[in-house]
Amino acid sequence: MSDPAAEAIKLFAERYNIDSAVMSRVLAAALGHGGDFAEIFFEHSTQGAIAWEDQQVKSASRNVSQGVSIRVVRGEAIGYAYTESLELAAMLRAAETAARIGPGAARPGPIDATPHSITRSAYSAGDPLASRPAAEKVALLERADRAARALDPSVSRVDASIADELRYIAIARSDGRLTGDVQPLIRLNVGVLAERDGERRTARTGGGGRLGIEYFDAVPPEETARDAARKALLQLDAGEAPAGTLPVVLAAGDSGILLHEAIGHGLEADFNRKGTSNYSGRIGQPVASELVTVIDDGSIPGSRGSINVDDEGNPAGRNVLIEDGILRAYLHDEISSRHFRVSPGGSGRRESFKHYVMPRMTNTLMLAGESHPDDIVRAVDRGIYCVSFSGGQVNISNGDFVFTVTEAYLIEGGRITRPIRDVNLIGNGPDVLSKVTMVGSDYSLSDGRWMCGKAGQSVPVGVGTPTVLVSGITVGGTKVG
């Protein structure tokens, strides 16, 4: 697909007779009472899912959602309305509702919505999973089931699911810009129960991204299933985790979720515009070890968090948030970029046309350093090596967090030794960043399985990091000493 924007605009024009003239009329109605800015957001989305339990298909679904929202901005106030109908009369009613945020100024003249092309796309929807027969998807789940069970007789249950989405969006703005995108998304999840000597342990893993069926050529379902089974079996043999403040080595890849939760949310500009983030008013100041550079990049090919344009029609790109320990920028939507008088960074996102836009992360990453990962482990006499996580909680105002670690090991005498279980990391995001003493040269992007929640909305995101040594994090374990 050479131009996703053109494909999206074409879909709404051919299927719903929504052309530039219709968009201009709706935008004029949206600004009928004044206002600084208005936009129309169109969406057509198809989602499918198949669940596998007890070696058979448990459920299958396919849904279509469509609609349009109109937003009018006046200062930092928002008028917002949406409708599931794409008929002109319904759109005009929504526009007139959103327009009431305005001061009642004279009606504007016609607005010419000029298409803006996407010449370089981070993904292709040429062969999305959504277009494949259900039997082909079920076969992938069967392969995952067989691979997990073949790994060890202790594997007693395998649950799996496969999900796909194909989302068309088009955005018409009152500044004359008209653009859009076609966004594929797939995800495979595998959960395994392992039982031995009366003990039961479970593990889950998954992957995917903005790809089609070709994803499974690079990452076969057997690989994902064996990884889930390996983690469940590992927990059967794992010992108690120590409790206390210890050096922690964060492995490359999945450890980026800690960066996302404990630090990334605090860098979203709406929190800083309101002064509720611990990073508010700190642009240009040191906020981390000089070894730390953090970016948010929505243009990584195929990554789960990538977008060609954000949900306000601004191009996605590479935003440097922290550079060599210095806070350089926040993540902005249109409202915050106007407040801080900076250019929008392509970070305005929403779950669907029923939701309002907020500054959100895309793919949040810590860049690689110069240390060899083996040297990082050798630098620790006694500590914890954390490989994968199941998520956590964070307090945006002060950065305090709690994370559950699903795969972890003891480090003893500079060597990774035995697995441990029931591990939690408890700390503070800015404090952890200040205690980074070594950063590996082995940066890795986590496979596509993460969702980010904020204010009741969920959007797909990517995370990544190299191996990182933090000199001290509180470990919540079951063994003291």
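According to the Kirkwood relation over distinct C-alpha pairs, the hydrodynamic radius of the chain is 23.8 Å. Restricted to Cα atoms, segment 362-481 shows a radius of gyration and a Dmax of 14.8, 45 angstrom.
Are there GluC sites (Glu not before Pro) in segment 1-89 that DSSP puts in a loop and that have at most 14 other Cβ atoms within 10 Å, and which ones?
Working: sites: E7, E14, E39, E43, E53, E76, E84, E87; in loops: E76, E84, E87.
Those satisfying the criteria are E76, E84, E87.
Taking the 0 to 90 degree range and rounding to the nearest ten, how far is the long axis of helix 20-30 tilted relative to the main principal axis of the chain, both from C-alpha atoms? Approximately 90 degrees, to the nearest ten.
Kindly provide the trypsin sites (Lys or Arg not before Pro) of segment 330-381 that DSSP labels as loop, not H, G, I, E or B, and whose Cβ sees at most 12 other Cβ atoms within 10 Å. Answer in residue order: R341.
Sorted from longest to shortest, the spans of the Cα atoms of segment 15-108 along the three principal axes equal 65, 31, 16 Å. Derived scalar couplings between HN and Hα for segment 312-323 equal 10, x, 8, x, 6, x, 9, 9, 7, 9, 10, 10 Hz in order, rounded to whole Hz, by the Karplus curve 6.51 cos²θ - 1.76 cosθ + 1.60 (θ = phi - 60°), x for Gly and Pro. For a straight C-alpha distance cut-off of 14 angstrom, the aspartates and glutamates reachable from K10 (same-chain residues fewer than eight places away being disregarded) are D19, E43, D181.
Mind giving me the FRET efficiency for K10 and I78? R0 is 30 Å, r the Cβ-Cβ distance, nearest 0.05 is fine. My answer for the efficiency is 0.50.
Summing -39500 (n - 2.57) over the DSSP H runs of n ≥ 4 in the chain and dividing by its residue number, what mean residue ellipticity at 222 nm do you reach, to the nearest 500 deg cm²/dmol?
Numbers: 11 runs with 102 residues, N = 481.
Counting only the DSSP helices, I get -6000 deg cm²/dmol.
Give the calculated FRET efficiency between S59 and A90 to the nearest 0.05, with a Förster radius of 30 Å applied to their Cβ-Cβ distance. Let's see the in-between values first.
Details: r = 33 Å, r/R0 = 1.10.
Rounded to the nearest 0.05, the efficiency is 0.35.
Taking Cα atoms only, the orientation of helix 221-237 departs from the longest principal axis of the chain by about 40 degrees.
Between S441 and D197, residue separation times 0.36 nm minus the direct Cα-Cα distance comes to 83.7 nm. Set against the 2.2 N^0.38 Å expectation for a compact globular protein, segment 240-480 has a Cα radius of gyration ratio of 0.98.
Scoring 58-71, 439-452 by mean Cβ neighbours within 10 Å over their residues and listing the highest first yields 439-452, 58-71.
Full extension of the segment from M451 to N17, taken as 0.36 nm per residue of separation minus the current Cα-Cα distance, would add 152.9 nm.
Once amide H atoms are built 1.01 Å from N in the peptide plane, which residues 5 or more positions from D36, or in another chain, come under 5 Å H to H? Distant-sequence amide H within range of D36: V73, R74, G75.
Here the Debye sum runs over all C-alpha atoms of segment 4-237 as equal scatterers in vacuum, and log10 of I(q)/I(0) at q = 0.09, 0.14, 0.15, 0.17 Å⁻¹ comes out as -0.54, -0.86, -0.91, -1.05.
Every read-out reported here was derived from the displayed coordinates using simple, explicitly stated rules and does not represent laboratory data. Quick caveat: nothing in here was measured; it's all calculated off a predicted structure. Positions of Cβ are backbone-derived with ideal geometry, glycine not excepted, and every protein chain shown enters the neighbour counts.
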